[in-house]
């Protein structure tokens, strides 16, 4: 990528049969993980720092296909949210960068799990569930043990939503104790205060992100915030 213009130059392809979908890269940008949703596998790759080329270093089997993956803040664990599989899974990264086959945790939630991240302190995690196909329409709150990768339901274990909201993805403000959730069914953004000591979310605001006269079908998906938080 040209850092001045954003122009991309195609360098080559890496075969990953089985509908490769969610991707996660470790914080040091040394390893990349790709879920092959039809084959129910997660591939591990080493990233060449000089040219960006990928070398496959491992593959593990998973019970259901994930719709979202992310690394914990240390890069020691891969987190995956499984929509129809109704679970949040944690896999440890081995010494050479490949994932260990046995999950550190396989926490069964409900249908609709759509995103899974830890907070900046790496002590808490949230898994929003959308309001569709029987989805829970709630944000599951967890404590995260960064030593073992285990998930412990916080108290309360869920942040319930009004009907047809469907929290899907979220991002942290870079300097404030604030989270922003995109709501798939609600076509809106919800703002939450974050208690960094106990890992609780408190609803602060919900804003529709469509024009007032919009009448056509819509859904929200991903959400990002720029580095300066503005």
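The values are calculated or read from the model by the stated rules, or taken from the named source; none is laboratory data. Computed from a predicted structure; not experimentally measured. Backbone-built Cβ (ideal geometry, glycine too); neighbour counts: all protein chains shown.
Mind listing whichever residues of segment 20-52 are over 21 Å from residue 90 (Cα atoms) and either surrounded by 14 or more Cβ atoms within 10 Å (Cβ to Cβ) or in contact with a strand residue (DSSP E or B) (Cβ under 8 Å, 6 or more places away or on another chain) (or both)?
Matches in segment 20-52: 47, 48.
Can you say whether residue 21 is over 22 Å from residue 96 (Cα atoms), in contact (Cβ under 8 Å) with a residue 24 or more places away in the chain, in a strand (DSSP E or B) and within 21 Å of the chain's Cα centre (by Cα), as far as the supplied structure shows?
So residue 21 fits the description; yes.
Quick one: count up the residues across segment 93-136 that are at pLDDT 95 or above and at positive phi.
Going through segment 93-136 one residue at a time, the tally reaches 3.
Can you tell me which residue within segment 59-82, out of those that are without any contact (Cβ under 8 Å) to a residue 40 or more places away in the chain and buried (at least 21 other Cβ atoms within 10 Å of the Cβ), is farthest from residue 128 (Cα to Cα)?
Ranking the candidates gives 62 first.
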